Amino acid sequence: MTVRAGRSAVCGLALTATLSVAAGCGEAERTAVQEAELEATATPQETTLSVTAPKSGSGAYRFNTRRLHAVAGRVTIRFRNDDTFAHNVRVQTGSSCCYRPGHKDVGGTETISAGTKTEAALTLEAGRYVFLCSIGSHYDGDTGRMRGRLTVRASQG
Ligand SMILES: [Cu+2]
């Protein structure tokens, strides 16, 4: 006999006892599970970060910010490319730029062409990250400054 059948038998007994107990039987069980699921998703830590690549003109490629902060959990990056070149926003583990041994890409936007925008959702644990444009040497060198630090703090609940 299965566990489920056993439960039904118990519920059957409850049903004959009183209606109120019967109503709680099984249904109460389901509700408890639903509540647990709701609780797990009821306090989503969600951060939306806006990043822009301004027109670089004759200057270096860059983002409009070198520092981003988020809360552990779902992090959405909204990226607008106002430059005349294609760019992206990638996130790597590590506290210093970029592609150091052990660093890994944990997500980010696709590469978008000039004058367009996009967004990407990542799930990040608390810690220090770097964000960068991964194209060519956009993140480093004389013509590239497209990099910065992303600090993700632990969620409150
Ligand atoms: Cu770029």
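Computed from the coordinates by the stated procedures, all read-outs in this text should not be read as laboratory data. This is a predicted model, so every value here is computed, not measured. Cβ: placed from backbone, ideal geometry, glycine included. Neighbour counts: every protein chain shown.
Classify the range 88-135 as rounded, prolate or oblate from the Cα gyration tensor: take a ≥ b ≥ c as the square roots of its eigenvalues, call it rounded if a/c is under 1.5, otherwise prolate when a/b beats b/c and oblate if not.
In terms of gyration-tensor shape, oblate.
Quick one: length gained pulling Arg128 to Thr116 fully straight, 0.36 nm per residue minus the C-alpha distance?
Values: separation 12, 0.36 × 12 = 4.32 nm, distance 2.83 nm.
Gain on extension, Arg128 to Thr116, equals 1.5 nm.
For Val106 and His69, calculate 0.36 nm times their separation in residues minus their Cα-Cα distance, and state this gained length in nm to one decimal.
Working: separation 37, 0.36 × 37 = 13.32 nm, distance 1.59 nm.
Gain on extension, Val106 to His69, equals 11.7 nm.
Taking the Cα centre of the range 46-153 as origin, sum charge times position over the Cβ atoms of Lys and Arg (+1) and Asp and Glu (-1), and report the length of that vector in debye to the nearest 20.
Computed charge dipole of the range 46-153: roughly 320 debye.
How would Lys104, Lys117 line up from fewest to most surrounding beta-carbon atoms within 10 angstrom? Don't jump to the answer; show the numbers that get you there.
Details: Lys104 9, Lys117 13.
With the sparsest Cβ surroundings first, the list reads Lys104, Lys117.
If I stretch the segment between Asp140 and Phe85 completely, what's the gain in nm (0.36 nm per residue apart, minus their alpha carbon distance), one decimal? Display every interim value, and only then the final one.
Values: separation 55, 0.36 × 55 = 19.80 nm, distance 1.59 nm.
Extra length available between Asp140 and Phe85 comes to 18.2 nm.
How about the range 72-157: which GluC sites (Glu not before Pro) there are in a DSSP loop, with at most 16 other Cβ atoms within 10 Å of their Cβ?
Details: sites: Glu110, Glu119, Glu125; in loops: Glu110, Glu125.
Of the GluC sites (Glu not before Pro), the ones in loops of the range 72-157 whose Cβ has at most 16 other Cβ atoms within 10 Å are Glu110, Glu125.
Taking the alpha carbon gyration tensor of the range 37-157, what are the square roots of 5 times its eigenvalues, largest first, to the nearest whole Å? List each step's numbers first, then the result.
Values: eigenvalues 141, 51, 22 Å².
Equivalent ellipsoid of the range 37-157: 27, 16, 11 Å, largest first.
Place a point 7 Å from Cα of Glu46 in the direction of its Cβ. Which residues in the range 108-147 have their backbone N less than 13 Å from it?
Within reach of a label on Glu46: 121-122.
Set the Förster radius R0 to 35 Å, insert the Cβ-Cβ distance between Lys55 and Thr76 as r into 1/(1 + (r/R0)^6), and round the FRET efficiency to 0.05. Numbers along the way, then the final one.
Values: r = 24 Å, r/R0 = 0.69.
It comes to 0.90.
Any idea which of Asn81, Ala114, Cys98 is furthest toward the positive side of the dipole for the range 46-153, if Lys and Arg beta-carbons carry +1 and Asp and Glu beta-carbons -1?
The Cα lying farthest towards the positive end belongs to Cys98.
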